[in-house]
Structures are given as C-alpha cells and as structure tokens.
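A short write-up of the structure that comes next.
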Amino acid sequence: MTEIANVTVRFGGVVALNDVSASFTQPVSGIIGPNGAGKTTLMNVLSGFVRVTSGSVSQDGTDFLRLAPHRRARWGLRRSFQREEIAGDLTVFDNVLVQADNAPGGDRAAEVSEMLAHVGLADRADKMGRDLNSFERRLTDIAKCMVGTPRLIMFDEPGGGLSVDETKQLGALILSIRDKTGAQVLVIDHDVELIRAICSETLVLDFGRRIAFGPTADVLADPKVKAAYLGTEEVTP
C-alpha cells in the first residue's frame, strides 16, 4: 500500500500540492488531472526528487521521506518518465541489463531475457536503442522497470504518442505486472479510457488539491471531476 498523508509542497510562493492524502491499495491505480494539477510533482515526491513542505509518504510501512532517491531505487522503486530514458548506443538487452545491474542478487541476464520475452521484445533484444520506434522504446522502458524485484512502479504518461492498438497492448501489459513481479503500479496519463480500463482506483488533482479519490468508475462520474478535467460544466443542486 502506498500511503500519502497531508502532503504539501511549496516552490517559493507557489503551492504545488496542498494537503493531499490518498491510500493506494490496488494493484494498479491512476492519478489524473489537468496540466499543472500537481501530478508529476507528486510522482517526484515519491521518487525523492522533490522535498515536501509537510506531510508523510510511506510504502508498505517504509517511510519514504527518510530514504535518499538511490535508496528508494534499491528498496524497489521504479519509474518511467514521459520521455523514455533509452541509450541509443546500447542494445535493448543492455538497456535493461543496466537497470538490473543496480539491483541486488539473482541471475541478471536470465531475468532480463525473461522480462524482454514478457513485454514482447525477445526477438529484438539485439536491436540498438537508436533504431527503436516509439512503441518499442516504451516496451523497453517497461522491461527496465520490471527487473530487479520492483515493489512500486510509477509510469508517467506511458500511453503518450501511441496508437489505439498499441495503447490496448500497453494496458494489458501494465495489468500483468502485479502477477509477474508482485509490484504495485501507479499510472499518470491523460488518456481517460486507458485509466478507466486498467486502474481500479484513481486520484484526481486540480490546482494541487485532491478533488476526488476512489473507485475509478465513481471518480470519473463525479461532477467535480467532469468540470475540472473532462471539460463539462459542474451542476450544482
């Protein structure tokens, strides 16, 4: 379980997150909101790239705020970015092996091969990073997140730039992560249909505040969410 309690983040006079709380308990959970709502800031808090002004963050009882970013990675935190971090001068296999090399124990080469097979890249393991198309880059990035016994994986707009069919494949792959690795997954994406399809629960942020959290279907039907994020007018009784 990922527990975020009363998290506030200020950058000078700007309040990026304002007393945000949520307990993510499901295998795959979503975080949505308009541009500038604080989604990536929250992910940066979890990653250790941004310090909180107040509040707490824990995962399965571990106080994240006491851990440096590299210690969170060693604990089992994995993250992908909007722009995949794929080295063009390395093969697909070596791009994933670099991540596995930072994890303790195990047969790393065998694990890399297993995860590449799982994401559908076994036949492209020797392909150079610079020659990958956008979907192959995303699949490589997911494989990187899955090696080394991850415990929490965060995806920042994984569906960006993908076709409808690729997004469906991506969604199925994300749903398989818990059974394959045991990791919990948090997903930020603007694609509401992707969030609806794969996330059991969803947090909605707007101007740094939590405006809804709960089962995804209920959240997406909330008039406040429709007004803030889906572009419809909130109806006041």
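The values are calculated or read from the model by the stated rules, or taken from the named source; none is laboratory data. A quick note: this is a predicted structure, and the numbers were derived from the prediction, not measured. Cβ atoms come from the backbone with ideal geometry, glycine included; neighbour counts cover every protein chain shown.
Give segment 197-207 a look and list any residue that's surrounded by fewer than 22 Cβ atoms within 10 Å (Cβ to Cβ) and either assigned to a strand (DSSP E or B) or modelled with pLDDT under 95 (or both), or say none.
GLU201, ASP206, PHE207, listed by residue number.
Say whether the condition of being touching a helix residue (DSSP H, G or I) at 6+ places or on another chain (Cβ under 6 Å), over 27 Å from GLY55 (Cβ atoms) and either assigned to a loop (DSSP other than H, G, I, E, B) or free of Cβ contacts under 8 Å to residues at least 40 places away in the same chain (or both) is met by at least one residue in segment 209-218.
no
Consider GLU233 against the criteria (1) assigned to a helix (DSSP H, G or I); (2) touching a helix residue (DSSP H, G or I) at 6+ places or on another chain (Cβ under 8 Å); (3) at pLDDT below 95; (4) surrounded by fewer than 19 Cβ atoms within 10 Å (Cβ to Cβ): it satisfies all of them except one. Which criterion is unmet?
(1)
Answer with yes or no whether ARG130 is more than 18 Å from ALA22 (Cβ to Cβ), in the same structural domain as VAL20 (by TED's automatic domain parsing), in a helix (DSSP H, G or I) and out of contact with any helix residue (DSSP H, G or I) (no Cβ under 9 Å at 6 or more places or on another chain).
no
In the list ALA172, ALA183, which residue meets the criterion of being in the same structural domain as CYS199 (by TED's automatic domain parsing), without any contact (Cβ under 8 Å) to a residue 12 or more places away in the chain, under 27 Å from LYS39 (Cβ atoms) and of a type in the set (A, V, I, L, M)?
ALA172
Looking at segment 59-85, I want the residues that are farther than 30 Å from GLU136 by Cα and have a partner that is surrounded by fewer than 19 Cβ atoms within 10 Å (Cβ to Cβ) and modelled with pLDDT under 90 with Cβ atoms under 7 Å, at least 6 apart or on another chain. Which pairs are those?
ASP60/MET1
For segment 1-108, which fully contained strands (runs of 3 or more DSSP E) count at least 3 residues that are surrounded by 16 or more Cβ atoms within 10 Å (Cβ to Cβ), at pLDDT 95 or above and not polar (S, T, N, Q)?
Filter on segment 1-108 gives 2-11, 14-24, 28-32.
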